[in-house]
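Before we start, here is the structure in question, set down as structure tokens.
Since every read-out is calculated from the coordinates, none of them should be taken as a lab result. Just so it is clear, the model here is predicted, and its values are computed rather than measured. Heads up, the Cβs are rebuilt from the backbone with ideal geometry, glycines too, and the neighbour counts pull from every protein chain shown.
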């Protein structure tokens, strides 16, 4: 296999689509968000590209005995109302620094092929503590995008994210800008310890405003409740053991 | 040396052969199984290809003073009865993620060259505890293979192997499927702590059914008994030291 | 993106310029020094090249919400008096051994393009203890440079730096020499625990002599004072906790 | 710089030379041995090739203030009596698995260019304990070499070296054999904790026999005595601290 091996599963004419990325990352926020979009827009979405690459781990997933080679998938969504979308999902990021450049370039090539010139990278920003109010922190390629994003509820902060944005989300902005893409990264606050459907919902509510689409959150809220149960049980166990309130340090990443 | 350097040691016409992979992995199950096949079918097998690669460790093995460069070997087997076979054995897997893709692609090229369109990847699946009854867990590229494999004793489980299949075994399925290969991975249950000839036997018994071949297990059973002796001695030592039954945690990987 | 992607931001004729490198390293000495040069010579400097590369981390920085893809920048400086300069600054070094060779070669290509045949690599040399008198240790590509550098205050020591010079500073000398560059590395002594503006000043004072330029140090001295305050507070905290003088071991890297 | 950059420093006609490798490794035995050869044969040796490579660390060495880019050097030796030699020395091995293949191939290209078809890789084999009698363990590419080597004092052992031979020494045999080189690896026993001039002498004494050359060992013996002093001082310190004999575990690698 070459470094990249892209299956053109279907061709489709889209009208000025917006590219939306949701690969795994902090709190799985981006992946939860895009997978929820795909679930909600299932009737209007078509798998158009599969991206295989030597930059992904050398791995198949196995579901009920049937294997699938690791890949990223891009779906085209053409809803009756609102903007056309290209949704990127997958189970893995690239495994090397170099690989992030290679894969993000490939994703942008595909986005361009379908006529996109705007992109959103969805992800999480770790706060280190459990969260009540989920803010969505933003980064953008051009100052001119600030007003619209702030109106949709995005916060821009002077010093965040402190270490910049790493991986495909970061490069989607960085490499995208060099090709003329207007891109933003929407990062839901999340503890960093847990898969966080509530943070994904916060990110999606921003996206609803920006893209003028409407989403139902029932299935995502169910997942959030399941996670609450998990957290509740952990806290109970901790309390039985220690007879005092658990600290954040007691929590590990739970997916 | 180029990334790949393949010696065509011999040419041979095979009739629709099945490609069987047995490189080192969990419990050395796959390697033990293919090496036993080679031992049993010695009279009917011919070394046809040696695959050298910069993806293997930079190493020679030394046996009785004579050095051999690390490589993988492919043997053609044309038994009087049953299917023709191509058997892949070797002492190493690739050393990088990328290398697994490179080497598996090379192995599939050779398999195609000899007319193969089916493949079995043999390996172990770790259970974390010593085993009495050795089940063989399967993964397959196509749902249509399920019935035949289940009849041969393979179990397909909803959630196993949990993390998918990594390395050459995984890619043999994943990359093979993309070329039209019907492939399955046969994983013998094994503790994960020990070289496990019994698990290899369980895998081979499935293969006997599927390929309609017959094998003698005397030498493999001898190796199993040697391993039993090793385990027995360890348990004895543990008991003398602790005067209670050793737990799995007391065992380390012993080869 | 290719391995290298260089933006020619501006073209400019320079007269036998000197190339000066200041990427991050021990005590951030080199970066502080070149960034101070850029600040002082702002009116006379022009950004001429941006170097993007897959060898840099896959990352954007975010300042007040706006993202910038990681890159190195080269500025041309043409002061009314003194030598023309090419100043290299950036936030990252290459992420692999190989990458240091690739990037340094690219930097030297650009230096040659602008007519440079001399280079200075600025950096720090760790002493492991807090410093009162900041010596500047040197390394040079040609013995003939010794006298001038010693006159400017550089010390050449028999056994330092003990492990040689690693990264872009080292290769600027090593690869530069192979292209006929006369290069020197100026290493300010620094504890190695702290961002060290005083060490950067010591290095710049040597450079002033060599290049016959004049610099004002007000802003750098302010940064040095801020660092002194930080050190003072740490020492206070230590004393309150331990009621004895902190050792160097109590200090961690503080930036 | 390309992956390889080879300076042809001088050309020289050699008569069927033997290639001898001595890059750093266990106990620095190989490097000590080849460097001693170079010292003893100084009057008859000529530097013919410098090999620079991105596979070496990105580093310059600095001696008395003057920098040199990391490289490997090949010297041609044409003694009045005995075989012509090509001696390979340097301060570093390749930094990646892949790099060992690249560099060893380059070294063999140069050896072929000068007409060599035999090679010796010199190194150490770790025993884990201090040594009185220094045996030299061998590995060879062809069984036919055994008799001559055994006569010269080489021991071939059934199970050693247990893990094979890794790095440039291993590949010199492995890749060399594939080009028709008759090669042997001569490994002096050494504790593995110390730079070991005595082990280097043992290896050279074998080489004297095989190549029919004669060497003086004065300077190597001096280095051995210096090491003895170091060991003695360590043992003294240990005894003062513990008032009992130091074990091998008390020793660290000292160079």
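Using label points projected 7 Å from each Cα along Cα→Cβ, tell me how many nm separate residue A:157 and residue B:46, to one decimal.
With each label placed 7 Å out from Cα toward Cβ, I get 7.0 nm.
Next question, about the same structure. Please average, across the residues of D:48-61, the number of beta carbons from any other chain that are within 10 Å of each residue's own beta carbon, and give a whole number. Each step should come with its number before you reach the end.
Working: counts 0, 0, 1, 0, 4, 2, 8, 3, 3, 7, 20, 10, 17, 7.
Mean shielding by partner chains, rounded to a whole number: 6.
List D:118, B:3, B:147 from most exposed to least, where exposure is judged by having the fewest other Cβ atoms within 10 Å.
B:147, B:3, D:118
Measure nothing fancy, just the Cα-based angle from helix C:168-178's long axis to the longest principal axis of chain C, in degrees from 0 to 90, nearest 10.
40
Then there is this: Once you've got the GNM for chain B with C-alpha springs shorter than 10 Å, pick whichever of B:132, B:64, B:196 has the biggest mean-square fluctuation.
Among B:132, B:64, B:196, the largest mean-square fluctuation in the Gaussian network model of chain B belongs to B:64.
Antiparallel versus total DSSP beta bridges in chain C: what percent is that, nearest 5?
55
Per-residue Cβ counts within 10 Å, from other chains only, averaged over D:169-177: what number is that? Can you show the working numbers first?
Working: counts 2, 9, 6, 2, 6, 12, 6, 3, 5.
Going residue by residue through D:169-177 and averaging, the value is 6.
Arranged by the count of other C-beta atoms within 10 angstrom, fewest first, what order do D:140, D:187 take?
Listing D:140, D:187 from fewest to most nearby Cβ atoms yields D:140, D:187.
Shifting gears a bit: Give the relative contact order (percent, whole number) for chain C; include only Cα pairs under 8 Å separated by 6+ residues.
So the answer I get is 22 percent.
In the Gaussian network model of chain A, springs joining C-alpha atoms below 10 Å, which of A:25, A:43, A:188 carries the largest mean-square fluctuation?
Of A:25, A:43, A:188, the Gaussian network model singles out A:43 as fluctuating most.
Between copies, how far does the label point of residue C:221 sit from its twins, in nm, shortest first, when each point is 7 Å from Cα along Cα→Cβ?
Relative to the other copies, residue C:221 has label-point distances of 6.4, 6.4, 9.1 nm.
Additional query: Among D:141, A:46, B:96, D:70, what is the fewest-to-most ranking by other Cβ atoms within 10 Å? Write down the numbers at each step before the final one.
Values: D:141 25, A:46 13, B:96 17, D:70 20.
Result, fewest neighbours first: A:46, B:96, D:70, D:141.
If a/c stays under 1.5 just call it rounded; otherwise compare a/b with b/c (prolate if a/b is bigger, oblate if not). Do that for the protein assembly as shown, with a ≥ b ≥ c from the square roots of the Cα gyration tensor eigenvalues. Spell out each step's value before the answer.
Values: a/c = 1.57, a/b = 1.00, b/c = 1.57.
Oblate is the answer for the protein assembly as shown, as a/c is 1.5 or above yet b/c matches or exceeds a/b.
Could I ask something else about it? Summing -39500 (n - 2.57) over the DSSP H runs of n ≥ 4 in chain C and dividing by its residue number, what mean residue ellipticity at 222 nm do you reach, to the nearest 500 deg cm²/dmol?
-11000 deg cm²/dmol
Let me ask another. Mind running the shape call on the range D:89-205? Use the C-alpha gyration tensor, a ≥ b ≥ c as the square roots of the eigenvalues: rounded below 1.5 for a/c, prolate if a/b tops b/c, oblate otherwise. If you can, show how the numbers build up before the last one.
Values: a/c = 1.85, a/b = 1.32, b/c = 1.41.
Cα axes put the range D:89-205 in the oblate bin.
Would you mind getting the Kirkwood hydrodynamic radius of chain C from its Cα pairs, rounded to one decimal in Å?
Kirkwood hydrodynamic radius for chain C: 18.9 Å.
For chain C, take the longest principal axis of its alpha carbons; what is the angle in degrees between that and the long axis of helix C:218-242, to the nearest 10 within 0 to 90?
Approximately 30 degrees, to the nearest ten.
Starting from the Cα of residue C:7, step 7 Å along the direction of its Cβ; do the same at residue D:147; then give the gap between the two resulting points in nm.
Placing both labels 7 Å beyond Cα along the Cβ direction yields 7.3 nm.
Could you check the spin-label model distance between residue C:214 and residue A:39? Points 7 Å from the Cα along Cα→Cβ, value in nm.
7.1
Using the alpha-carbon atoms, what tilt in degrees (0 to 90, nearest 10) does helix A:197-211 show relative to the longest principal axis of chain A?
It works out to around 40 degrees.
Take every DSSP beta bridge whose two residues both sit in the protein assembly as shown, then give the antiparallel share in percent to the nearest 5.
Around 55 percent of the beta bridges assigned by DSSP in the protein assembly as shown are antiparallel ones.
GNM on chain C, C-alpha springs below 10 Å: top fluctuator among C:104, C:61, C:219?
Top of the fluctuation ranking is C:61.
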